[in-house]
């Protein structure tokens, strides 16, 4: 795991060093650079595999091809063996990065198709004068680029690009406009006009000052048409997950795992425990000063369930307890880690403080929700489709439905849940998912100042939105999951995993996001994923052999911080002070005043809006124009 950066054009070692220095946290163990008259490459290394001979940049036999890599190639041993049989000679002992230059020699720009891993990579082909950038299939590793003064400038984090004198800090209002809806900015946009993010499963080639984009892999929910039994799929899924965990345990440094006590992390740790003869180091985050009412809810239970699983699996278990003040004091550092406004989960930052004391690599359960269905939008997908069909028949009230029809709406078949379903439902998924946003369209219009709105442009929903318009899924749940794999996963979930762990020089590996598991899951019908009130049904079937029923049936809590509870308690003044700092030229005073007034009155329905605005205020402190 590393931070990579570079640019085309005239050498400038001072600039290259400055870009590297901005990412020392991503790789404090070593640094390397390579300069030619046409391109400069650099990296900061976090040494995980081949500690002594695995430095970068790496080269092929005649040094005509060079590469810097941020990430890990898990199947590098098998790839190396195959390449050596084809006549390739390796310099290092077992560097995973070195396989890339030889794969490029053998397969050209299609080399990522042969790789099982996570990566942002840059390859310089001296013979053909081509600089290529690549990002892994699902977007686990970041890669940003900018075109300025006829140069291509790239880096693992935005802060590295901004260190280049030709890259502007001017805001991109279209990207920032998306933040107030989705809690994140959707690639390829960023918060900065000149900087773009390479999409997952894609690459770009820079030659003679021109960019050519290409896609080597894409999310595909096209059904196979083959009828499979639950037991067959569960067995296949278990085998793939066990192999994915085994691959991600292979490294030359100490490793451990996240353990919240939920199904996903517990399954990963259980498989790890079967693979090793010594206790797995596990880590859990807890919170204090939540108040008596909050202690019985959600996050306060993680410590209890994690301790139970740690005892059952015999792990070497570690905990970190933070309070509201620690959380608030560290939020400026969290904001700097992202470089962009972000109001999603930030717990990884704090847990990584603990992990850093013990290991350099941690396995996690990230990705299972987006593959097998768990979130509110996933639970709503099928009931909304059913309600839409029933309402077209004039059946718009619960009392008008038969018992069989009500069962099709589970878990939205109670009077209160049915009313929520009615409020959200719409035939167009883009429309009903917009109703789950932080600021709905009308609220967004009322919130932002006119100049901001005009600069942001129209924020499309529904069929006009590119994240909905290219769906390959055929059933409602899979359509919702496809959207999340295209947007939520690479633009919110994986960024908080990467940025907030790498801020503490920790590499997180996610077995569920092995591309083989993704491809299997995406071809399964939605009914295998959510069945009645059971979320992640087929996943739970697969890991039931590993875990007790109490864990399998534990309600989903999510790896989130209790910031909403704190904002109505010990962090009220902190939040209000940041709201008072919001730049007046970005917002309409009346809209902000109304939201703050509701918050002051204890209205919890504005919690997500308040947190969204607080995080924006923190970002403006760092990146004010």
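Here's a check for you: in the stretch 206-222, which residue that is over 25 Å from the mean Cα position of the chain (by Cα) and in contact (Cβ under 8 Å) with a residue 12 or more places away in the chain is surrounded by the fewest Cβ atoms within 10 Å (Cβ to Cβ)?
Going through the qualifying residues, I end up with 208.
Which residues, counting only those in the stretch 66-82, are in contact with a strand residue (DSSP E or B) (Cβ under 9 Å, 6 or more places away or on another chain) and more than 19 Å from residue 108 (Cα to Cα)?
If the condition is that a residue be in contact with a strand residue (DSSP E or B) (Cβ under 9 Å, 6 or more places away or on another chain) and more than 19 Å from residue 108 (Cα to Cα), then 70, 71, 72, 74 are the ones that fit.
Against the condition assigned by TED's automatic domain parsing to the domain that holds residue 533, surrounded by fewer than 20 Cβ atoms within 10 Å (Cβ to Cβ) and assigned to a helix (DSSP H, G or I), how does residue 311 come out, does it pass?
Yes, satisfied.
Only one of these is surrounded by 21 or more Cβ atoms within 10 Å (Cβ to Cβ), out of contact with any helix residue (DSSP H, G or I) (no Cβ under 8 Å at 6 or more places or on another chain) and modelled with pLDDT of 95 or more: 351, 363, 380. Name it.
Unique residue meeting the criteria: 351.
Sort out which residues of the stretch 70-103 are farther than 20 Å from residue 245 by Cβ and either in contact (Cβ under 8 Å) with a residue 60 or more places away in the chain or not assigned by TED's automatic domain parsing to the domain that holds residue 46 (or both), and write them in order of number.
70
Being surrounded by 20 or more Cβ atoms within 10 Å (Cβ to Cβ) and not in a helix (DSSP H, G or I) is the filter here, so list the residues in the stretch 1-32 that pass it.
Scanning the stretch 1-32 gives 1, 2, 3, 4, 5, 6, 7, 8, 22, 23, 27.
Please determine whether any residue of the stretch 464-481 is assigned to a helix (DSSP H, G or I), under 16 Å from the mean Cα position of the chain (by Cα) and modelled with pLDDT of 95 or more.
Looking for residues that are assigned to a helix (DSSP H, G or I), under 16 Å from the mean Cα position of the chain (by Cα) and modelled with pLDDT of 95 or more, one finds at least one in the stretch 464-481, hence yes.
Scanning for something assigned to a helix (DSSP H, G or I), at pLDDT 95 or above and either in the same structural domain as residue 254 (by TED's automatic domain parsing) or buried (at least 22 other Cβ atoms within 10 Å of the Cβ) (or both), does the stretch 405-421 turn up at least one residue?
no
Please identify the pairs in which a residue from the stretch 8-36 that is not assigned by TED's automatic domain parsing to the domain that holds residue 56 has its Cβ atom under 7 Å from the Cβ atom of a residue that is surrounded by 15 or more Cβ atoms within 10 Å (Cβ to Cβ) and modelled with pLDDT under 95, counting only partners at least 6 apart or on another chain.
Here the result reads none, with nothing in the stretch 8-36 linked to a residue that is surrounded by 15 or more Cβ atoms within 10 Å (Cβ to Cβ) and modelled with pLDDT under 95.
Quick one: which of 289, 252, 316, 239 is assigned by TED's automatic domain parsing to the domain that holds residue 554 and touching a strand residue (DSSP E or B) at 6+ places or on another chain (Cβ under 7 Å)?
Criteria check complete, one pass: 316.
Out of the stretch 129-148, which residues are under 20 Å from the mean Cα position of the chain (by Cα) and either without any contact (Cβ under 8 Å) to a residue 24 or more places away in the chain or not in a strand (DSSP E or B) (or both)?
Correct list: 136, 137, 138, 139, 140, 141, 142, 143.
Being under 17 Å from residue 561 (Cα atoms), assigned to a loop (DSSP other than H, G, I, E, B) and out of contact with any strand residue (DSSP E or B) (no Cβ under 8 Å at 6 or more places or on another chain) is the filter here; which residues of the stretch 342-377 pass it?
342, 343, 344, 345, 346, 375
Answer yes if at least one residue in the stretch 441-459 is closer than 27 Å to residue 521 by Cβ and assigned to a helix (DSSP H, G or I), and no otherwise.
No, the stretch 441-459 contains no residue that is closer than 27 Å to residue 521 by Cβ and assigned to a helix (DSSP H, G or I).
Is it true that some residue in the stretch 46-61 is in a strand (DSSP E or B), in contact with a helix residue (DSSP H, G or I) (Cβ under 7 Å, 6 or more places away or on another chain), surrounded by fewer than 23 Cβ atoms within 10 Å (Cβ to Cβ) and not assigned by TED's automatic domain parsing to the domain that holds residue 502?
Yes.
Being under 16 Å from residue 73 (Cα atoms) and part of a helix (DSSP H, G or I) is the filter here; which residues of the stretch 241-255 pass it?
Those that are under 16 Å from residue 73 (Cα atoms) and part of a helix (DSSP H, G or I): 243, 244, 245, 246, 247, 248.
In this structure, does residue 270 turn out to be in a helix (DSSP H, G or I), touching a helix residue (DSSP H, G or I) at 6+ places or on another chain (Cβ under 8 Å) and within 26 Å of residue 553 (Cβ to Cβ)?
It is true that residue 270 is in a helix (DSSP H, G or I), touching a helix residue (DSSP H, G or I) at 6+ places or on another chain (Cβ under 8 Å) and within 26 Å of residue 553 (Cβ to Cβ).
Can you tell which of 382, 331 is outside the structural domain of residue 498 (by TED's automatic domain parsing), in contact (Cβ under 8 Å) with a residue 12 or more places away in the chain and under 30 Å from residue 617 (Cβ atoms)?
331
Filter the stretch 503-528 down to the residues that are assigned to a loop (DSSP other than H, G, I, E, B) and under 21 Å from the mean Cα position of the chain (by Cα) and list them by number.
503, 504, 505, 506, 510, 514 - these are the residues of the stretch 503-528 that are assigned to a loop (DSSP other than H, G, I, E, B) and under 21 Å from the mean Cα position of the chain (by Cα).
Please go through the stretch 319-341 and give me each residue that is more than 30 Å from residue 177 (Cβ to Cβ), in a helix (DSSP H, G or I) and touching a strand residue (DSSP E or B) at 6+ places or on another chain (Cβ under 9 Å), ordered by number.
Hit for the stretch 319-341 is 324, nothing else.
Cβ-Cβ under 7 Å, sequence separation 6+ or interchain: first residue in the stretch 111-125 and assigned by TED's automatic domain parsing to the domain that holds residue 8 and in a loop (DSSP other than H, G, I, E, B), partner modelled with pLDDT of 95 or more and surrounded by 23 or more Cβ atoms within 10 Å (Cβ to Cβ). Which pairs?
115/73; 116/74; 116/514
Looking only at the stretch 394-404, which residues are in a helix (DSSP H, G or I) and buried (at least 17 other Cβ atoms within 10 Å of the Cβ)?
Result: 398, single match.
The values are calculated or read from the model by the stated rules, or taken from the named source; none is laboratory data. This is a predicted model, so every value here is computed, not measured. Neighbour counts are summed over all protein chains in view; Cβ atoms, including those assigned to glycine, are modelled from backbone coordinates with ideal geometry.
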